1. Show the residue pairs meeting these rules: Cβ distance below 6 Å; 6+ apart or different chains; first residue within the stretch 58-70 and touching a residue at least 40 places away in the same chain (Cβ under 8 Å); second residue among the basic types (Lys, Arg).
2. Could you check the stretch 325-423 for helices (runs of 4 or more DSSP H) lying wholly inside it with 2 or more residues that are over 23 Å from His128 (Cβ atoms) and open to solvent by 30 Å² or more (accessible area, probe 1.4 Å)?
3. Yes or no: Val106 within 26 Å of Phe272 (Cβ to Cβ) and either without any contact (Cβ under 8 Å) to a residue 60 or more places away in the chain or surrounded by fewer than 19 Cβ atoms within 10 Å (Cβ to Cβ) (or both)?
4. Output the residue which, of all residues in the stretch 72-82 that are of a type outside the set (A, V, I, L, M) and buried (at least 22 other Cβ atoms within 10 Å of the Cβ), is farthest from Met290 (Cα to Cα).
Amino acid sequence: MDLPYAEPYRNKTIEPLRRSTRYERDAWIAEAKYNLFNLRSEYVFVDLLTDSGTGAMSSAQWAEMMLGDESYAGATSYYKLKETIEDLLGFTYFLPTHQGRAAENVLFSALIGVGDAGAGKVVPGNSHFDTTKGHIEFRKACAIDCTIDEAFDTQVEHPFKGNVDLEKLESVLKAYPRESIPLCMLTITCNSSGGQPVSMENIKDVSALCKRYGVPLFFDSARFAENAYFIKKREPGYEDKDIRTIVWEMFSYADGMTMSSKKDGIVNIGGFVAFKDPELWRKTSTFNIMFEGFNTYGGMAGRDMGALSVGLREATEFDYLESRVGQVAYLGRLLTGYGIDVQRPYGGHAIFVDAKRMLPAVPKEEFQAQTLGVELYREAGVRGVEIGTLLADRDPETGMERYPALELLRLAIPRRTYTNAHMDYVAAALANVKERASAITRGYRIVYEAPIMRHFTVELEPAD
Ligand code: F0G
C-alpha cells in the first residue's frame, strides 16, 4: 500500500498548554469584549488565530540564530539571506523589513507615494490582504479585486481559486491611464479568499498583460511555497518538477515581491521587499532607511536574517510541504465528515469555515463569522479568526458597512507546531457547536471601532 505522509521531523522541545473550563472561558471572552485578539494566549488551548510568526523553528534555524552577526552594516547574516533570496527566488536586490506590512509600506511609499498621493490611483490584484489594502487606502488609492468569480462560492471546486480574471484585470488596465496604476499586486496564495493558489498559467498571463500595459507586477509572496506545492499537485505539466524549479519559474514573471517571512519563511518575525530593477531598489531604500533601518538589516536582527535564510530553504522542501498542506487537508476532511461546510478545495495554510451556512439565523449585521469564532472559543478554547464583515471594514468613502461575499471563520494552522490529535480536538469542538447551531440566533454589536483595520481592536457586546 502507499505509505501516508508523516512529518519529516520530530520534537526536541515542547511547550505546555493548559486546558480551561467553559466557565473560565465565558468570563475571559466577555472581558476581551468578544474580540479574540484581546485574549491572553494562556487562555487558549489550540491557537489557530494565525499561521503568521507562530511556526516552530528547526534545530538548524536555532543554530543559525547563534551565528547571527549583529553588525549595523554589512552583516554576514544579511549576506546569507541575500544569497538565499538570489538562489531561490531570483531577486538580486532586496531590503529587509520587520514584517510583511512594513514591506508594503516602504514599497508603496516609493510606488504610490506618501500622504494622499494615491488619490485617483488604483492597484489591481486578487483579493488583496487587509494590510495591503490598508496601505493602499491609507494613501487614498483604491485596491481593485480582480479575482475569478468562482472564488466567492465556497462549494465550487476549482484548483486555482486565487486566479485573476484576466478580463476584469484588462478592463482596469484599459480604464485608467498608466500613471494611475503604480503596480499590480498578485497574492500567492490568496489568504483572503481561502488560502487558494494561483496557477502558473495565470501568473504567466497576468505578467504578460501587465507588461503589455507597462504596469509593474509584484507578488505578495507570504505563502509562495504553498502556492508552488499546489502547482506541482494540480497543474498539468508540473507534477514531475521539483518545488524549487516551480518557485523559480513563478518569480521569473514578477518585477518584485513583498514578503511576510512569518509565514513561508518559518520565522517568528521578519519580512522583505525584493526587486529586479536596481533603480527601484534604490528609490525604495530611502523609505526603508527612514521607516525600518539601514539597507543591510532593515527591521531585522542579524540572527533573525540567518534563521530566515535557512527557513526559506526548509519551506521549499517537498516533504515538508506535503506534511504541512496535508495537515491542513486532514482538518478539512474531518470537518467535512462532520457535515460542516468549509471552503473547497482546502487551502494551503488554513481551513475556512462557511459561517453563513453554519449560523444562518444570525443576521449579517451581527457578524456571523465573529459569532462563530466566539462560540468555538467558548466551546473548547480554540481560537480562530473572523474573515468577514469586521475584517472588510467600512467603505472609506461612504462609511457604510461592506458586506463581503463570504463570511468565514479561518482556522489557520501554524507550521510544524500542532499534531493531528490537536486537529481531532478542533474538529470535534466545531462539531459540537454545529450541533447547537440552531439555537444561536443572535450575534454582536460594535461598541468601539478604529477608523481603519478595526478588526484587531474592535470591542463588541452581545446583540440580544
Ligand atoms: N500578505 C498576506 C497574504 C498576509 O497573509 C499577511 C499577513 C501580510 C501580507 C502581512 O504580513 O503580518 O508580516 O505584516 N497575514 C497574517 C495572517 C497577519 O494572519 O494572515 P505581516
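1. Pairs found: Met65/Arg303; Gly68/Arg303.
2. Helices (runs of 4 or more DSSP H) meeting the threshold: 368-380.
3. Against the criterion (within 26 Å of Phe272 (Cβ to Cβ) and either without any contact (Cβ under 8 Å) to a residue 60 or more places away in the chain or surrounded by fewer than 19 Cβ atoms within 10 Å (Cβ to Cβ) (or both)), Val106 does not qualify.
4. Within the stretch 72-82, the first condition is being of a type outside the set (A, V, I, L, M), and the residues that meet it are 72, 74, 76-80, 82.
Cutting the leftovers down to buried (at least 22 other Cβ atoms within 10 Å of the Cβ) gives us 77-78.
Numbers: Ser77: 21, Tyr78: 19 Å.
Looking at residues that are of a type outside the set (A, V, I, L, M) and buried (at least 22 other Cβ atoms within 10 Å of the Cβ), I get Ser77.
So that you can scan it fast, the table gives a plain yes or no per residue for (1) in a helix (DSSP H, G or I); (2) open to solvent by 30 Å² or more (accessible area, probe 1.4 Å); (3) within 16 Å of the ligand (Cβ to nearest atom):
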position: Ala56; (1), (2), (3): no, yes, no
position: Ala60; (1), (2), (3): yes, yes, no
position: Glu70; (1), (2), (3): no, yes, no
position: Thr84; (1), (2), (3): yes, no, no
position: Leu88; (1), (2), (3): yes, no, no
position: Phe91; (1), (2), (3): no, no, no
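The values are calculated or read from the model by the stated rules, or taken from the named source; none is laboratory data. Small disclaimer: the values here were computed from a predicted structure and weren't measured. Methodologically, a virtual Cβ is constructed for each residue, glycine included, from the backbone with ideal geometry; neighbour enumeration extends over all protein chains shown. Ligands, DNA and RNA are stripped out before the accessible areas are found, and what is left, the full protein with its side chains, is counted by its heavy atoms. Shrake-Rupley method; radii C 1.70, N 1.55, O 1.52, S 1.80 Å.
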